[in-house]
Every structure is written in C-alpha cells, then in structure tokens.
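Trainee: Before we start, here is the structure in question, set down as structure tokens.
The values are calculated or read from the model by the stated rules, or taken from the named source; none is laboratory data. These numbers come from a predicted model, not from an experiment. Note that we place each Cβ from the backbone using ideal geometry, even for glycine, and neighbour counts take in every protein chain shown.
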Amino acid sequence: MTTHQRLALSTGVELDVWTAGNPAHPAILFLHGFPESHRTWRHQMAALSDRYFCIAPDQRGYAGSDKPQEVAAYKVPILIADVLATADALGVDHFTLVGHDWGGAIAWATALRAPDRVTRLIQCNAAHPYIFQKTLIFNPAQRAASQYICEFRERDIEGEVAEKGLDWFFDDRFAKISGGHLSAQDRAAYLAEWGQPGALTGMLNWYRASPMAVPAPDAPAQATPFLDAPFPKLAMPVLVIWGMKDEALLPCQLDGLADHITQLHIVRVPDAGHFIPWEKPQAVTQAMRDWLDC
C-alpha cells in the first residue's frame, strides 16, 4: 500500500510524493520520465516495499505537483536540487536512486553531483549524458530517432493540444510508442494528469531547458565543447536495465557505457520497449531485486 503526501521542498516547490514500506528500511527513490508520473513505478514499489522504503515523487511540472511555467525553472541543477530536497524532507540521508527516461537523465546528474548521497544507481532505458550527446552527433540512427526533441522545443504543442485535444496528444505522441500495453484505465489516468493546469507546458519545459544539442538530420557531425571536456566517472555500483526494442533511445546507448562507470551491470530485455518499467514489470523488478540482494 502506498501513502501520498504533499511535500513543501526547500527548492520552493511543492511535490506530490508517494511512499511505501518501512521508513527504517534502506531507501529507494524513483524518478519517472516524460510524460508520466509516480505511476511509472507502481509495480516495482509494490514488490520492493517489503524490505525497502520506496519513494516516488511526481516531479515538478507533472500531474498535481507544482508547475512553474518559465523554462529556466527546469534547468538540470534545479531538478537535481528537487531530488535531494525530497530526500531531505523525508529524513533520508542516503538512498538508491532509480530513473527512467527524463527521470533517468536527472538520476545520472544527481549521482554525478551528489555521490555522497546516492549509494547505488539503477537506470531503466535512460541515456548516459555523455553517450547520448555523442550519439546525437555521430550516430545517424539515434539522431533521427531524437528529432522529436526539436519538435517539443520549437513547435507550439500547447496550441495544437488546445485545438485538437489531449486525446490527440495521447494518440499522436504517446500511444504509438507505448507498445500496446496501455489499458483504458491507464489512458484515463494520463489524460487526467496532463489536463492539470499548466501540466503540458511544465512537462515540455524539461526538453526546452535541456542543454543537449540535437542536430538536424543533415547537419554535419561536429563535436561540442561538452564532448571535448573531461567527464567524471561514477564509482558507485550501477545497474542498467534496457529494453532492446526502444525506438526513442536505441541500444547504441549501451556502447561505451563501461568507460564511464567503475561498477556496471547491464540487463538486456530483448522484448521490451522504452517504457520498460510497466511494459515488462516482472523482468524489471526481478533484475532490481537480484542486483540489490547481491
């Protein structure tokens, strides 16, 4: 059973946060991605709360949590601060951090910024920042697959939704890559979350505030200063669970990953797509449990 509470964070926002398990147990903090919510992790929280204190916020911009409308409110250092402030508000000093999609991007950044707080890191189809930027420039297939990022940044998605409705956004931008795993109940839950005032802009602002360069398909492959600078290596144990049928983040995101992580374990799930936490919940949960129990 999960418990909901509204937390006022030291970063100036209030987030809806769900917890499950005994607060005296080791903590696991789950970060969802776009365009989801804490519900991403419902299966894992139910399975792991017998021995862990599970925490899953609706991150800023999503569902019922606060939704600043300015793009600058979604810069990476601010999102990292939200993660640490959430742990602080619950009295959690150290935790295993789990991420998916955009939540994974912030999980990578948080682990790099606060290795004294993040004891272990688990990533589900979440691209490492260095490898993602490298593949966006030098891997034509990944560059092509990521052009939707430019659309989210440049198109008036809010205006289109106002004209065509949230059902259009669901069918055009989400259902196509969900692998056919969404029930009518899931659909209703997503539409209710996206329909909250300011939610669509808040969610899209994660893309608009990102420093990641996404070249046009025909642009020359030229390295950015980000790729030329030294990149820190993670020392804590890292588990990466990857759905190999992901059409947004291709399996090339695993190439060279070991160069950036001292203790890396990869679990490949051949028949899973991008939304692996609920597409293949048993495989994800089992991989987590096996690794955490080592």
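Trainee: For the stretch 60-89, how many residues are assigned to a loop (DSSP other than H, G, I, E, B), crowded, with 18+ Cβ neighbours inside 10 Å and not basic (Lys, Arg)?
Mentor: Qualifying residue count, the stretch 60-89: 5.
Trainee: Identify, by number, the condition in (1) within 15 Å of residue 126 (Cα to Cα); (2) exposed (fewer than 13 other Cβ atoms within 10 Å of the Cβ) that residue 276 doesn't meet.
Mentor: Just one mismatch for residue 276, condition (2).
Trainee: Right, here's the next one. If we scan the stretch 227-237, do we find a residue that is surrounded by fewer than 17 Cβ atoms within 10 Å (Cβ to Cβ) and of a type in the set (Gly, Ala, Ser)?
Mentor: yes
Trainee: I'm trying to understand the selection: among the residues of the stretch 221-233, which are in contact with a helix residue (DSSP H, G or I) (Cβ under 9 Å, 6 or more places away or on another chain) and either acidic (Asp, Glu) or part of a helix (DSSP H, G or I) (or both)?
Mentor: Just the residues of the stretch 221-233 that are in contact with a helix residue (DSSP H, G or I) (Cβ under 9 Å, 6 or more places away or on another chain), to begin with: 221-224, 226-227, 231-233.
The answer is 226, 227.
Trainee: Something else: From (1) crowded, with 24+ Cβ neighbours inside 10 Å; (2) free of Cβ contacts under 8 Å to residues at least 40 places away in the same chain; (3) under 22 Å from residue 153 (Cα atoms), pick out the condition that doesn't hold for residue 38.
Mentor: Among (1) crowded, with 24+ Cβ neighbours inside 10 Å; (2) free of Cβ contacts under 8 Å to residues at least 40 places away in the same chain; (3) under 22 Å from residue 153 (Cα atoms), the lone unmet condition for residue 38 is (3).
Trainee: For the structure I just gave you, tell me whether residue 82 is closer than 15 Å to residue 8 by Cβ, within 16 Å of the chain's Cα centre (by Cα), at pLDDT 95 or above and among the acidic types (Asp, Glu). Write out each step before concluding.
Mentor: Details: closer than 15 Å to residue 8 by Cβ: yes; within 16 Å of the chain's Cα centre (by Cα): yes; at pLDDT 95 or above: yes; among the acidic types (Asp, Glu): yes.
For residue 82, the condition - closer than 15 Å to residue 8 by Cβ, within 16 Å of the chain's Cα centre (by Cα), at pLDDT 95 or above and among the acidic types (Asp, Glu) - is met.
Trainee: For the stretch 110-168, how many residues are touching a Lys or Arg at 6+ places or on another chain (Cβ under 8 Å) and within 18 Å of residue 256 (Cβ to Cβ)?
Mentor: 3
Trainee: Would you confirm whether or not the stretch 256-268 contains a residue that is out of contact with any Ser or Thr (no Cβ under 9 Å at 6 or more places or on another chain), farther than 22 Å from residue 118 by Cα, modelled with pLDDT of 95 or more and β-branched (Val, Ile, Thr)?
Mentor: No, that holds for no residue.
Trainee: Here's something else I'd like to know. Scanning the stretch 160-185 for residues that are assigned to a helix (DSSP H, G or I) and in contact (Cβ under 8 Å) with a residue 60 or more places away in the chain, which turns out surrounded by the fewest Cβ atoms within 10 Å (Cβ to Cβ)? Walk me through it before giving the result.
Mentor: Here is the first cut: in the stretch 160-185, the ones assigned to a helix (DSSP H, G or I) are 160-164, 166-173, 175-177, 184-185.
After this cut, where a residue has to be in contact (Cβ under 8 Å) with a residue 60 or more places away in the chain as well, the list is 173, 177.
Details: 173: 17, 177: 13.
Within the stretch 160-185, the match that is surrounded by the fewest Cβ atoms within 10 Å (Cβ to Cβ) is 177.
Trainee: Quick check, is residue 234 more than 16 Å from the chain's Cα centre (by Cα), among the hydrophobic types (A, V, I, L, M, F, W, C) and either at pLDDT below 95 or more than 17 Å from residue 99 (Cα to Cα) (or both)?
Mentor: no
Yes or no, residue by residue, for (1) of a type in the set (Phe, Trp, Tyr); (2) closer than 22 Å to residue 156 by Cβ; (3) in a helix (DSSP H, G or I); (4) in contact with a Gly (Cβ under 6 Å, 6 or more places away or on another chain):
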{"site": "187", "(1), (2), (3), (4)": "no, no, yes, no"}
{"site": "210", "(1), (2), (3), (4)": "no, yes, no, no"}
{"site": "219", "(1), (2), (3), (4)": "no, no, no, no"}
{"site": "235", "(1), (2), (3), (4)": "no, no, no, no"}
{"site": "246", "(1), (2), (3), (4)": "no, no, no, yes"}
{"site": "253", "(1), (2), (3), (4)": "no, no, yes, no"}
{"site": "278", "(1), (2), (3), (4)": "yes, no, yes, no"}
{"site": "290", "(1), (2), (3), (4)": "no, no, yes, no"}
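Trainee: Taking the condition surrounded by fewer than 17 Cβ atoms within 10 Å (Cβ to Cβ), over 20 Å from residue 121 (Cα atoms) and acidic (Asp, Glu), does residue 255 pass? Even if it seems obvious, please write down each step before you answer.
Mentor: On the way: surrounded by fewer than 17 Cβ atoms within 10 Å (Cβ to Cβ): yes; over 20 Å from residue 121 (Cα atoms): no; acidic (Asp, Glu): yes.
Considered against the rule, which asks whether it is surrounded by fewer than 17 Cβ atoms within 10 Å (Cβ to Cβ), over 20 Å from residue 121 (Cα atoms) and acidic (Asp, Glu), residue 255 comes out as no.
Trainee: Here's a follow-up. When you scan the stretch 95-130, how many residues do you find that are part of a helix (DSSP H, G or I), closer than 24 Å to residue 293 by Cα and under 9 Å from the mean Cα position of the chain (by Cα)?
Mentor: Result for the stretch 95-130: 3.
Trainee: Just to check your reading of the model, which residue among 138, 169 is more than 21 Å from residue 241 (Cβ to Cβ) and modelled with pLDDT of 95 or more?
Mentor: After applying the criteria, what remains is 138.
Trainee: So which residues in the stretch 14-59 are of a type outside the set (Ser, Thr, Tyr), part of a loop (DSSP other than H, G, I, E, B) and within 19 Å of the chain's Cα centre (by Cα)?
Mentor: We begin by selecting, within the stretch 14-59, every residue of a type outside the set (Ser, Thr, Tyr); these are 14-18, 20-36, 38-39, 41-48, 50-51, 53-59.
Okay, now just the ones that are also part of a loop (DSSP other than H, G, I, E, B), so 21-26, 32-36, 50-51, 58-59.
Those that are of a type outside the set (Ser, Thr, Tyr), part of a loop (DSSP other than H, G, I, E, B) and within 19 Å of the chain's Cα centre (by Cα): 32, 33, 34, 35, 36, 58, 59.
Trainee: Hey, among the residues in the stretch 204-226 that are farther than 20 Å from residue 79 by Cβ and at pLDDT below 95, which one's surrounded by the most Cβ atoms within 10 Å (Cβ to Cβ)? Outline the logic, then answer.
Mentor: Kept after step one, since they are farther than 20 Å from residue 79 by Cβ, are these residues of the stretch 204-226: 215-225.
Restricting the remaining residues to those that are at pLDDT below 95 gives 222-225.
Values: 222: 10, 223: 11, 224: 15, 225: 7.
Top of the filtered list is 224.
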